[in-house]
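The values are calculated or read from the model by the stated rules, or taken from the named source; none is laboratory data. This one's a predicted model, so the numbers in the text were calculated from it and none came from an experiment. Note that we place each Cβ from the backbone using ideal geometry, even for glycine, and neighbour counts take in every protein chain shown.
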Amino acid sequence: MGKKEKEKKEKPLDKMTAKELRELGLTTGVIVGVHAMNKAELIAAIKEVRGIVDEKGKKKDIDVRALKLKIKELKDKRQNAVEAGRSKLADSFRRRISNLKKKTRRAA
């Protein structure tokens with residue numbers, strides 16, 4: 001009886017680290033600028049090269065950077081409301097900031 005070689009199953013792209021994705025991107029030889037990409041960009045580029053099509057479900061693709069910009073704007077507005085003595089308005093901004101922070105944590 002001979003040894004049966006087990007085929008190595010590749011981890012799903014979503015479960016790979018950014019470092020593993022960069023190495024995978026470099027082995028394809030098609031993707032340019034691998035080291036400047038973040039994880040989401042690497043996954044998209046590798047899927048494009050492999051011809052994998054994403055099926056869009058109920059979840060929307062949340063852009064964390066855009067959410068953080070919105071949080072920053074709301075923090076400025078909240079600070080202005082506090083300085084103006086408008087505590088109810090400041091409290092509403094605080095709640096909106098809190099909700100956006102929760103969304104960024106879920107997206108990550």
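Taking the listed residues LYS72, LYS68, the one that is closer than 30 Å to ASP14 by Cα, at pLDDT 95 or above and surrounded by fewer than 14 Cβ atoms within 10 Å (Cβ to Cβ) is LYS72, with no other qualifying. Checked against the criterion of being assigned to a helix (DSSP H, G or I) and over 26 Å from LYS19 (Cα atoms), the range 42-59 has no qualifying residue.
Conditions tested, residue by residue: (1) in contact with a Ser or Thr (Cβ under 8 Å, 6 or more places away or on another chain); (2) of a type in the set (D, E, K, R); (3) at pLDDT 90 or above.
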| site | (1), (2), (3) |
| --- | --- |
| GLY2 | no, no, no |
| LYS9 | no, yes, no |
| GLU23 | no, yes, yes |
| GLY57 | no, no, no |
| ASN80 | no, no, yes |
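Would you say GLU48 is surrounded by 12 or more Cβ atoms within 10 Å (Cβ to Cβ) and of a type in the set (Asp, Glu)? Yes, satisfied.
Among residues of the range 11-33 that are more than 23 Å from ALA107 (Cβ to Cβ), those with a beta-carbon under 7 Å from a residue that is part of a helix (DSSP H, G or I) and among the small types (Gly, Ala, Ser) at least six positions away or on a different chain give the pairs ILE31/GLY25; ILE31/ALA45.
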